[in-house]
Amino acid sequence: MKKVAILLADGFEEIEALTPKDVLSRAGFICDLVSIKENNIVRSTHDVCIYADKVISGCGDFSEYDMIVLPGGMPGAKFLSESENVISVVRDFDKHGKYIGAICAAPALVLSKAGIARERKVTSYPGMDNYLTDAVYMEDAVVQDKNLITSRGPATAMEFAFKLVEVLGENSENISNGMLYSYYGKN
């Protein structure tokens, strides 16, 4: 069974964290919400408190995980980028070719800080591209470059989550249909 860790810092964007959690869980993956603090309560950018499944100090080297997901939101993405533990995990995952999903401000702040966006195709929240000057910046909703999957923001969270399911080896079509995703954008 493949496992995913979604890293949460105070100020995370709810849609960008909980949509992947929901979709990945529906696909049958084990998906842990991991607080980067020393307690399980994490407050979102819109003051929603979430009880994380684990805290980062209890996850060891993250070797049991196949993917990490970095939600955006402010100041959540900034806090992720300031965490030595997070940057270390991101670098280790990239070094070993393990999947890294990042959305909104996280690609710009976290991936650039970790030094793994260099010369890779990425996207992020509009206006954050100034942090990604050494990357190949794309304006697509979701961009994959090998083990790195990035996305733009809250409105692209579903498409991002379906892509995460697919790169982990499952078909997202049944989940997408069951969630009525085909109605997206229709009047």
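The residue that is farthest from Ser176 (Cα to Cα), among those in segment 1-26 that are surrounded by 20 or more Cβ atoms within 10 Å (Cβ to Cβ) and of a type in the set (Asp, Glu), is Glu13. For segment 21-76, give me each residue that is out of contact with any Lys or Arg (no Cβ under 7 Å at 6 or more places or on another chain), touching a residue at least 60 places away in the same chain (Cβ under 8 Å) and either over 16 Å from Lys2 (Cα atoms) or among the aliphatic types (A, V, I, L, M) (or both). Residues satisfying the conditions are Val23, Leu24, Ala27, Ile68, Val69, Leu70, Pro71, Gly72, Gly73, Met74, Pro75, Gly76. Against the list (1) over 19 Å from Gly73 (Cα atoms); (2) touching a Leu at 6+ places or on another chain (Cβ under 9 Å); (3) not aromatic (Phe, Trp, Tyr), the condition Val86 fails is (1). In segment 145-187, of all residues being part of a helix (DSSP H, G or I) and farther than 27 Å from Gly76 by Cβ, the one that is modelled with the lowest pLDDT corresponds to Tyr183. Of the strands (runs of 3 or more DSSP E) lying entirely inside segment 27-144, not one is found with 2 or more residues being at pLDDT below 95 and crowded, with 20+ Cβ neighbours inside 10 Å. Just one of the numbered conditions (1) assigned to a loop (DSSP other than H, G, I, E, B); (2) under 17 Å from Ile116 (Cβ atoms); (3) at pLDDT 95 or above; (4) not hydroxyl-bearing (Ser, Thr, Tyr) is not true of Leu7: (1).
Exactly one residue among Asp22, Asp53 is more than 24 Å from Asn171 (Cβ to Cβ) and touching a strand residue (DSSP E or B) at 6+ places or on another chain (Cβ under 9 Å), and that residue is Asp53.
The values are calculated or read from the model by the stated rules, or taken from the named source; none is laboratory data. The shown structure was predicted, so the numbers you read here are calculated from the model rather than taken from an experiment. Don't worry about glycine lacking a Cβ; one is built from the backbone with ideal geometry, like all the others, and counts go over all protein chains shown.
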